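A short write-up of the structure that comes next.
The values are calculated or read from the model by the stated rules, or taken from the named source; none is laboratory data. This structure is a prediction, so every number in the text was calculated from the model and none was measured. Please note: Cβ atoms are built from the backbone with ideal geometry, for glycine as well, and neighbour counts cover all protein chains shown. These area figures cover heavy atoms from the full protein model, side chains too; ligands, DNA and RNA do not enter into them. Shrake-Rupley method; radii C 1.70, N 1.55, O 1.52, S 1.80 Å.
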Amino acid sequence: FETQTLSLKEGWNLVSFYVEADDMSPETVLAPILNELVQIRGVSASYNPNVASVFNNLPELYVKDGYWLEVSEDVSFEVEGRVSSGVSIYLHGGWNLVGYPRMNGEDVASELTSLGSTVLQMKSLERSYDPNNPSFLNTLSTIVPGSGYWLNVSGPGTWELGDGGPSFAN
């Protein structure tokens, strides 16, 4: 088992999970920060602990997905679970909100190799990468575990991620 620590700032955070617990329901994973949790949103589903359960349509958190997570104050929590040995994330053409289910950050250009020339742009909250820009214009150079990303591709494809284990790139 591995432990992922998520450190959140007050307001909206763009996050992902690289460990998979036995129970990935939002109620369980986010239980340690229930008092600070305002809501968590995926592309088409959300969980808000302050509304009736009938309004919550996010039954499970997935390592392949990115999430917008809103908290009322700065807070940290841990998730314990397994790290997948290799992950394939299906992408549709256009913008995809993706997770990064690896334990170690990797160079953005090499990590996106499996998508070939379909990559148009990748964005985090503060940084962006465009393969058509000279490298000095790209502020996103390393994909960071625990962060969520918007990934824009010109057509459908599968993003093949490595084993998620230690990086020997250096």
* To do: Search the range 108-122 for residues that are within 16 Å of GLY86 (Cβ to Cβ) and pair each with any residue that is open to solvent by less than 50 Å² (accessible area, probe 1.4 Å) and among the basic types (Lys, Arg) when their beta-carbon atoms are under 9 Å apart and the residues are at least 6 apart or on different chains.
  => GLU111/ARG102
* Asked: Among the residues of the range 35-50, is there at least one that is of a type outside the set (D, E, K, R), open to solvent by less than 50 Å² (accessible area, probe 1.4 Å), touching a helix residue (DSSP H, G or I) at 6+ places or on another chain (Cβ under 7 Å) and within 30 Å of THR118 (Cα to Cα)?
  -> yes
* Asked: Does the range 53-67 contain any residue that is under 25 Å from PHE1 (Cβ atoms), modelled with pLDDT of 95 or more, of a type in the set (Lys, Arg) and surrounded by 14 or more Cβ atoms within 10 Å (Cβ to Cβ)?
  -> yes
* Asked: Would the range 6-24 turn up any residue that is part of a strand (DSSP E or B), of a type in the set (Phe, Trp, Tyr) and within 15 Å of the chain's Cα centre (by Cα)?
  -> yes
* Structure fact -> Pairs returned, first residue in the range 85-102 that is farther than 15 Å from VAL119 by Cβ, second residue that is assigned to a loop (DSSP other than H, G, I, E, B) and β-branched (Val, Ile, Thr), beta-carbon separation under 9 angstrom, 6 or more apart or interchain, are VAL87/VAL63; LEU97/VAL43; GLY99/VAL63; PRO101/VAL19; PRO101/VAL63; PRO101/VAL83; ARG102/VAL83
* Looking for whichever is at pLDDT 95 or above, more than 30 Å from GLU27 (Cα to Cα) and either open to solvent by 60 Å² or more (accessible area, probe 1.4 Å) or not aromatic (Phe, Trp, Tyr) (or both) here; the options are VAL153, VAL79, VAL98, VAL75. Which one fits? => VAL153
* Structure fact -> Counting only residues in the range 110-132 that are open to solvent by 50 Å² or more (accessible area, probe 1.4 Å) and among the hydrophobic types (A, V, I, L, M, F, W, C), the one farthest from THR5 (Cα to Cα) is identified as LEU120
